[in-house]
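The values are calculated or read from the model by the stated rules, or taken from the named source; none is laboratory data. A quick note: this is a predicted structure, and the numbers were derived from the prediction, not measured. Ideal geometry is used to build each Cβ from the backbone, glycine not excepted, and the neighbour counts take in all protein chains shown.
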Amino acid sequence: MEHDIVYEQIAYYRARAEEYDESIYQVGCYASPGESNEGLGELEVALHTLGTLRPVEDILELACGTGIWTKELLKIGHTVRTLTAIDASPEMLHINSRKVADRRVRYQLADLFTWEPEADQHYDLVFFAFWLSHVPPEHLDTFLTKVQRSVRSGGQLFIVDQYAPMQEDLLCAHDDIYSKRPLHDGREFTIVKVFYDLTALKDKLTRLGFDVSIQKIGDYFFTLSGTLYQAILT
């Protein structure tokens, strides 16, 4: 079942690509007069925190989506030389490239559950936003190990995600780690949605050699920043 849902999750984001930004910012077909998006303020805080990272040259962005974060990553320290943006949806990559339109960005189509880091390529910063919660618990350790292999010694990791469900998440929840997600056209998909314990997540990354700091943003969101010093797995 899990294998099927992972691929259904990819299908969902492929189908959602054209309406993704509207759903995030609650505009267009997702506009709700008189209602505010309770997550937008927290999103701005996370963007501000991202902007305070020390300057970097080479960035890896996983699950880059439509480019909301890609264009912000390119501004870090005004020193970015390359940004490798990976996503499993060609539709997302197309929108991202059109929106960002920056020659420093190299796009790569890949399923992150089968993706392998390039052995000879390490990055000053590995970043992913609202992706960790879509990783099934059975895949978490393997995924985090791949992330660690992508960061150069002394390099940085930055994660943005949820640590607790919002009301809309509770309404869509299905069988513990799954969620039913509708599109505007009425189609419905089952995806993975996990709210990881932040203490346990910090412990996993510490054992992978990261010095980790976690900041909760409001009642639902968090940022995690880490610097890789030395892997201490036994």
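Observations on the model:
- Condition check for residue 88: at pLDDT 95 or above and more than 25 Å from residue 153 (Cα to Cα): yes
- Only a single criterion out of (1) in a helix (DSSP H, G or I); (2) surrounded by fewer than 16 Cβ atoms within 10 Å (Cβ to Cβ) is not satisfied by residue 147, namely (2).
- Residue within region 209-224 that is among the acidic types (Asp, Glu), touching a Lys or Arg at 6+ places or on another chain (Cβ under 9 Å) and farther than 21 Å from residue 124 by Cα present: no
- Test result for residue 176, assigned to a loop (DSSP other than H, G, I, E, B), free of Cβ contacts under 8 Å to residues at least 24 places away in the same chain and surrounded by fewer than 18 Cβ atoms within 10 Å (Cβ to Cβ): yes
- Here region 205-221 is the region considered, the condition is being at pLDDT 95 or above and surrounded by fewer than 17 Cβ atoms within 10 Å (Cβ to Cβ), and the residue that is farthest from the chain's Cα centre (by Cα) is 207.
- Scanning region 117-139 for residues that are within 17 Å of the chain's Cα centre (by Cα) and either surrounded by fewer than 17 Cβ atoms within 10 Å (Cβ to Cβ) or of a type in the set (Ser, Thr, Tyr) (or both) yields 123, 133, 137, 139.
- Each residue in region 108-119 was checked for being without any contact (Cβ under 8 Å) to a residue 24 or more places away in the chain and not in a loop (DSSP other than H, G, I, E, B), and 1 pass.
- Every condition in (1) among the hydrophobic types (A, V, I, L, M, F, W, C); (2) modelled with pLDDT of 95 or more; (3) surrounded by 15 or more Cβ atoms within 10 Å (Cβ to Cβ) holds for residue 200 except the one numbered (3).
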